[in-house]
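What follows is a short report on a single structure.
Values in this text are rule-based calculations from the coordinates and carry no lab data. Quantities reported herein were computed from a predicted structural model and do not represent experimental measurements. Here the Cβ is made from the backbone with ideal geometry for all residues, glycine too, and neighbour counts use every protein chain on show.
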Amino acid sequence: MEFDQIIKKLEKLLSLPLPGKMGQITMAPKPIDEARFAELKPHNPRKGAVLMLFYPDERGTLVPFIKRPDYDGTHGGQVAFPGGKWEESDKDLSQTALRETEEEIGIDQLKVKLLGKLSDLFIPPSNFLVSPYIGFVEEKPTFIPDPFEVERIISCPIEMLTDKAIRKEGEILIRKEYRLHAPYFDIEEQMVWGATAMMLGEFMYLWENN
């Protein structure tokens, strides 16, 4: 599918009712933590936003992920969408997603066209309620990764994301201490799991069922 066709499909999909939990839960760690899907919003969560960005490339239509450096924190070493916490200077959470993406991987936020967003997702370990936005740029960007925030950028063709062969399940070692069983996306030999996989799970559910 050509880049323009993909963008038109995304516009159509994001005008439809979102699957929410039905899509997110397909990639949720086991056992399922039902509290994160409760109808009542979590008490006083920190707010954040991420961006699922589409761009054209000679390999097709790509989506960039970031691998965070190893550090002694909840999300150290994990693969994620660019994004971060809401700041008081942000007019709204879409601005958070755009600002953080520019800071982390150097994408000029003025060149990003937002198409909409997926369902918010609560991340219990860090007490974040995250809003995942979807947007695109019309030309292949020149990435400028922040060395303190980004160990590497992993750009994934959408054809790979739609390949069910990369959706796997297994044991994941967290901070070299804890183990859990979870589904994940195997992207360039990286395990994309947890909140990022759940957001992708909702996206893929929407993509494959409409």
| request: Report the calculated FRET efficiency for residue 4 and residue 70 (r = Cβ-Cβ distance, R0 = 45 Å), to the nearest 0.05. | output: 0.70
| remark: For volume of the Cα convex hull per residue in Å³, with candidates (i) 143; (ii) 126; (iii) 156, the value calculated from the shown model is option (ii)
| query | Of 181, 7, 157, whose Cα points farthest to the positive end of the dipole of the chain (charges on the beta-carbon: +1 Lys, Arg; -1 Asp, Glu; origin at the Cα centre)? | reply | 181
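Given a cut-off of under 8 Å on Cα pairs at least six residues apart, what relative contact order in percent is computed for the stretch 28-137?
Numbers: 192 pairs, mean separation 35.4, N = 110.
It rounds to 32 percent for the stretch 28-137.
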| field | Coil-residue trypsin sites (Lys or Arg not before Pro) of the stretch 87-191, DSSP, other Cβ within 10 Å capped at 10 | value | 91, 176
| Sum of side-chain charges, residue 181 neighbourhood, beta-carbon under 10 Å (Lys, Arg +1; Asp, Glu -1) | 0
| Quick one: if you stick a label point 7 Å off each Cα along the C-beta vector at residue 46 and residue 210, how many nm between them? | 3.1 nm
| request: Note down the magnitude of the dipole of the stretch 91-210 about its Cα centre, charges +1 on Lys and Arg C-beta and -1 on Asp and Glu C-beta and zero elsewhere, to the nearest 20 debye. | output: 240 debye
